[in-house]
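Asker: This is the structure I have questions about; it appears just below.
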Amino acid sequence: MPTLSARTAQPASVRTDALVVGVVRTAKGVAVVDAGADVQKAFGRGFVPMLASLGFEAKPGQVATLPSGHVLKTPVLVVVGMGDAADVDRERLRWAAALGVQTVTNAVSVSVALPLDGPDDVQAAGEGALLGLYSYERYRSGDDSDRPTDVVLIADKARTKDVTRAVEAAETVARAVCLARDWVNTPPNDLTPAVFAEAIASYSGKGKVTVEVLDDKALAKQRCGGILGVGQGSENPPRLVSVTYAPRRPAARIALVGKGITFDSGGLSLKPGKSMMTMKCDMSGAAAVVAATYAIAELGLPVAVTTYASLAENMPSGAATRPGDVLTMRNGRTVEVLNTDAEGRLVLADALDMAVEKEPDLVVDVATLTGAAVVALGTRVAAVLSNDEALLERVPEVADRAGEAMWPLPIPEEMQTKVTSSTVADLRQHNPEPAGGTLFAAAFLREFVRGSRWVHLDIAGPAHNDGEPFGYTPKGGTGSAVRTLVRLAQEIAGERLLDQRRAAR
């Protein structure tokens, strides 16, 4: 990952290989943002007409590259449209930083001059730049990427503690997102459950965490019938990995649970061939919760986190679970399996039961769980479902502040009736009707949280980008939900500490 730093400087005088400046629309026309105003001044009156001749209108996402002609200390100027000045928010900062640095090639260093009015803006721009420069090169032969390896944010008071922390936070969060992206992009032949578990255990991050791996024998002792039932059709046995971050005197305790199906064929309820093409991404939830935990630990947040990643490969074979089979879950309840392609809820159920045993303040599970979520919300918005109305409202707001799109969905009580409508077991695993698949899946999971405050994030849409890159989102694995989980932990920690201080007065 490129390095990130902040510097207080005049953009026109900065000495890097390229300079990115934001351009906005104002009542007086197109203008460079205040942070780069000296660039427009250096070019003189001909600058705006020159942009106009290029068809540049400062529309959001519009980019133009200009030679500086020795007017600036840097040889290349990249101007990025940010739309109306009044509409510039942190998400536009992320996009502008990403698009600007992506345009720079055959360069080592790039400076970015955007309207950064405080540490949160600095973090947003830093995240955008670093995430925008991501590329997955593990299996490519030939030359390395020619994108910049050094990004400098031009910011007021760059040497203050707040800005320094914002830069460090941007690097930490971006590193976690890129780690999740790398795991999601890894081909399934090189990321079986055992290999994924080893990758989690061997990751050498800066935060102090402990990792425990349960193999199939240990899972049998734990009576994890859901995880074992999904994994029994594969030659690669399942794993359950726990990652624990335990700071001293934590302000809150959170449990994270992630679905980690390293490849999903659908099992005996076999998917069509086309639908299997990107099913290496079905472990995106596990990648997200683990990467977020590493980031929370590295940031040193006063929140204790215990994370559970349920890892299995869902394959058809003579040993595979059949439609009609009944599995006994870790909590002792029996489940009638009706569609082996609805396996995610089974591996999550055992992990949820394990998570709630420690009575955390909050449980969040993340999963590429249902195609119905994609039908409802498209490919860029995740679904949020919860047994707590306050959380249902709050988590999408936290996600928005983190730069991720999420939308609340209900769990109607009619779904409870459907989940418990099996004639042979305590619960049925699959919706008897085609409608409301996301709601049914959440109602099923709710049966395993024992009344704990719980949020379910269905990231089936945004976890993997099958289309062309956009903004700071690449093709392939996106690292969806990592930033939201980290932001949620930050906000919970801040609120709890504030409550403790008030109580102590």
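What follows draws every value from the coordinates through simple rules; no lab data is involved. Note that the coordinates shown come from a computational prediction; the quantities given were computed from them, not determined experimentally. As a convention, Cβ positions derive from the backbone with ideal geometry for all residues, glycine included, and neighbour counts pool all protein chains shown.
Asker: Which lysines, on any chain, are close to Lys41 with Cα under 25 Å apart, when same-chain ones fewer than 8 places away are left out?
Answerer: Within the straight-line cut-off, Lys41 pairs with Lys28, Lys59, Lys73, Lys157.
Asker: Go through the stretch 139-232 and name the trypsin sites (Lys or Arg not before Pro) that are in a DSSP coil and have 10 or fewer other Cβ atoms within 10 Å of their Cβ.
Answerer: Loop-located and lightly packed - Arg140, Arg159.
Asker: Taking GluC sites (Glu not before Pro) that fall in a DSSP loop and have at most 14 other Cβ atoms within 10 Å as cut points, what is the longest piece of the chain between them?
Answerer: Answer - 358-505.
Asker: In terms of Cα to Cα distance under 14 Å, which aspartates and glutamates are near enough to Lys161, apart from those fewer than 8 places away along the same chain?
Answerer: Asp120
Asker: Which trypsin sites (Lys or Arg not before Pro) does the stretch 244-308 hold that lie in a coil by DSSP with at most 14 other beta carbons within 10 Å?
Answerer: Passing both the DSSP loop test and the Cβ count: Arg248.
Asker: Sorting Met50, Met277, Met283 on the 10 Å Cβ count, fewest up front, what's the list?
Answerer: Met277, Met50, Met283
Asker: Report, to one decimal in Å, the Kirkwood hydrodynamic radius for the stretch 3-173 based on all distinct Cα pairs.
Answerer: Details: mean 1/r = 0.0629 Å⁻¹.
That comes to 15.9 Å for the stretch 3-173.
Asker: If you filter the stretch 1-68 for trypsin sites (Lys or Arg not before Pro), then keep DSSP loop positions with at most 14 other Cβ within 10 Å, what is left?
Answerer: Sparse-neighbourhood loop trypsin sites (Lys or Arg not before Pro): Arg15, Lys28, Arg45.
Asker: Looking at the stretch 1-109, send over the antiparallel percent of its DSSP beta bridges, to the nearest 5.
Answerer: DSSP beta bridges in the stretch 1-109 are roughly 60 percent antiparallel.
Asker: Sum up the charges of everything whose Cβ sits under 13 Å from the Cβ of Ile227, counting Lys and Arg as +1 and Asp and Glu as -1, but leave Ile227 out.
Answerer: Around Ile227, the surrounding residues sum to +1.
Asker: Assigning unit charges at the beta carbon (Lys, Arg +1; Asp, Glu -1) and nothing else, what dipole magnitude in debye, to the nearest 20, does the stretch 3-173 show about its Cα centre?
Answerer: Computed charge dipole of the stretch 3-173: roughly 400 debye.
Asker: Below 15 angstrom from the Cβ of Val23, what's the summed charge of the other residues (Lys, Arg +1; Asp, Glu -1)?
Answerer: Taking every Cβ under 15 Å from that of Val23, the sum is 0.
Asker: Restricting to the chain, what percent of DSSP beta bridges are antiparallel, rounded to 5?
Answerer: Values: 31 of 77 bridges.
Beta bridges within the chain, antiparallel portion: roughly 40 percent.
Asker: Let me ask something else about it. How big is the stretch 191-497 on each of its three principal axes, counting only the C-alpha atoms and giving the largest first in Å?
Answerer: Principal-axis extents of the stretch 191-497 (Cα, largest first): 50, 40, 39 Å.
Asker: Something else now. Relative contact order (percent) for the chain, with alpha-carbon contacts under 8 angstrom and 6 or more residues of separation?
Answerer: 14
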